[in-house]
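The structure under discussion appears below in the form of structure tokens.
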Amino acid sequence: MLYLIGAGLYDEQDLTLRGLKILQSCSVVYLESYTSLQASHADLEKVIGKPVIVADRLLIEQKADSILSAAKDSDVAVVIIGDVFGATTHTDLYMRAHAAGVPVKVVHNASVLTAVGEVGLELYKYGKTTSMVFFEDKYKPATPYHVIAENRARGAHTLVLLDIKADEQRYMTVGQCLDQLLLLERELGLGVITDDLLVVGCARLGAPDRKIVAGPLRDVIHVDFGAPLHCLLIPGNLHFVEEEVLALWKR
Ligand SMILES: C[S@@+](CC[C@H](N)C(=O)[O-])C[C@H]1O[C@@H](n2cnc3c(N)ncnc32)[C@H](O)[C@@H]1O
């Protein structure tokens, strides 16, 4: 059996009881380490009482066969920070397991996709989620800019997920993301990203020191959000209740 276990957002204490019991009974446990970031791998080992193999993108995406062949004869778990389906790559592992005839069970947990609910923008009113990658000389995809424009045209909110380069320990900040959006605005000039655009920066949602700041881009771009992970929200049309909650994060 292959178990895909959501770990939640902050630390090993966020595992569900169901997830914990399964992990204690599995013969091999992997921790997926490249689509998110959580407190400590050692603490996870302590709480489940066995070694945990840190699995990078190569292992999960290209060497999935070795995980699946072990799961044919024994119980193998892959722990995924947040929720199992909060990143697109894990659907691939799920489908490969089905194709290989390996039974799969999923234990869900909290995801950044729902943790942003704390900001007060109605979750049902979000449009498409988008991701901002670290720009390179010849690689500056404009997708986030266009997604924000489309969502705003419909009055919908946008969640922008920020790039992680786990092998280089690089995690995009809210400020870096806003800088890159301004660069796209200068290139495309559609008037989507302006200095007075209302934006909300979030850091470490689910952690005791989570930080949320709302305000015009010109102010939020200078805020120090501290340690990763960060994400950015661009509100669409606001109901008065949403406005009231957003006021909590303005300064
Ligand atoms: C692929 S997504 C989410 C993966 C995870 N499986 C989940 O369900 O939450 C990873 C991105 O979400 C955002 N993110 C994840 N956890 C976060 C947190 N606790 N606070 C703020 N942003 C977070 C960051 O922008 C990060 O690069």
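The values are calculated or read from the model by the stated rules, or taken from the named source; none is laboratory data. Since the model is a prediction, treat every value here as computed from it, not as a measurement. Reconstructed Cβ throughout: ideal geometry from the backbone, glycine too, with neighbour counts over all protein chains shown.
Quick rundown of the values:
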item: Test set (1) within 14 Å of the ligand (Cβ to nearest atom); (2) in a helix (DSSP H, G or I) - Val241 fails condition number; result: (1)
item: Residue among Gly19, Gly49 that is buried (at least 21 other Cβ atoms within 10 Å of the Cβ) and out of contact with any Cys (no Cβ under 7 Å at 6 or more places or on another chain); result: Gly19
item: Qualifying positions in the stretch 120-166 - away from the ligand (no atom under 16 Å from the Cβ) and within 14 Å of Leu181 (Cβ to Cβ); result: Lys140, Ala142, Tyr145, His146, Ala149, Asn151, Arg152
item: Ser74 vs. criteria closer than 18 Å to Ser33 by Cβ, among the hydroxyl-bearing types (Ser, Thr, Tyr), away from the ligand (no atom under 16 Å from the Cβ) and more than 21 Å from the chain's Cα centre (by Cα); result: no
item: Some residue of the stretch 172-183 being among the hydroxyl-bearing types (Ser, Thr, Tyr) and either assigned to a strand (DSSP E or B) or more than 16 Å from the ligand (Cβ to nearest atom) (or both); result: no
item: Test for Ala97: is it of a type in the set (Gly, Ala, Ser), away from the ligand (no atom under 14 Å from the Cβ) and in contact with a strand residue (DSSP E or B) (Cβ under 6 Å, 6 or more places away or on another chain); result: yes
item: 3 or more residues of a type in the set (Val, Ile, Thr) and under 22 Å from Leu229 (Cβ atoms): qualifying strands (runs of 3 or more DSSP E) within the stretch 29-137; result: 76-80
item: Of all residues making up the stretch 184-226, the number that are on the phi < 0 side of the Ramachandran plot and either more than 10 Å from the ligand (Cβ to nearest atom) or hydroxyl-bearing (Ser, Thr, Tyr) (or both); result: 28
item: Test: residue in the stretch 42-50 that is within 16 Å of the ligand (Cβ to nearest atom) and not aliphatic (A, V, I, L, M); result: no
item: Selected residue (only one of Val112, Val102, Val107 is modelled with pLDDT of 95 or more and within 28 Å of Leu238 (Cα to Cα)); result: Val112
item: Set Val220, Val213: member being closer than 17 Å to Leu159 by Cα, free of Cβ contacts under 8 Å to residues at least 40 places away in the same chain and buried (at least 18 other Cβ atoms within 10 Å of the Cβ); result: Val213
item: Conditions (1) within 16 Å of the ligand (Cβ to nearest atom); (2) closer than 26 Å to Arg18 by Cα; (3) touching a residue at least 40 places away in the same chain (Cβ under 8 Å); (4) surrounded by fewer than 20 Cβ atoms within 10 Å (Cβ to Cβ); number of the one not met by Gly82; result: (4)
item: Pairs where the first residue, in the stretch 168-179, is within 14 Å of Asp219 (Cβ to Cβ) and the second is in a loop (DSSP other than H, G, I, E, B) and away from the ligand (no atom under 13 Å from the Cβ), C-beta under 6 Å, 6+ apart; result: Gly175/Ile221; Leu178/Ile221
item: Given (1) within 16 Å of the ligand (Cβ to nearest atom); (2) under 21 Å from Tyr171 (Cβ atoms), index of the condition Gln13 fails; result: (2)
